[in-house]
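The values are calculated or read from the model by the stated rules, or taken from the named source; none is laboratory data. Everything numeric here is computed off the predicted structure, so don't read it as measured data. Counting neighbours? That spans all protein chains shown, and the Cβs are built from the backbone with ideal geometry, glycine included.
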Amino acid sequence: MKREHETCVQQISRCTLLLLLLLLLLPCLGLFLKVCIENATLQSPVSSLHRRPRQQWTFVKLEYFGSNN
């Protein structure tokens, strides 16, 4: 009986960790989608992706997280 209870607690803690991760990633995904949509409206998304280096994306993410805190 005690073992079953422990596994249940472990599952609940795993679920809460996953939910917290999702909550942290949601604003980042929202920002990413917003940028993608803005690029798509300005010009074709393929050319804008080729033009932008990958480092710029990480910089945008870091800047966004920094403003949140």
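Residue by residue, here is whether (1) exposed (fewer than 10 other Cβ atoms within 10 Å of the Cβ); (2) at pLDDT below 80; (3) touching a strand residue (DSSP E or B) at 6+ places or on another chain (Cβ under 9 Å) holds:
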{"site": "27", "(1), (2), (3)": "no, no, no"}
{"site": "35", "(1), (2), (3)": "no, no, no"}
{"site": "61", "(1), (2), (3)": "no, yes, no"}
{"site": "68", "(1), (2), (3)": "yes, yes, no"}
Residue 4 being at pLDDT below 85 and under 14 Å from the mean Cα position of the chain (by Cα): no
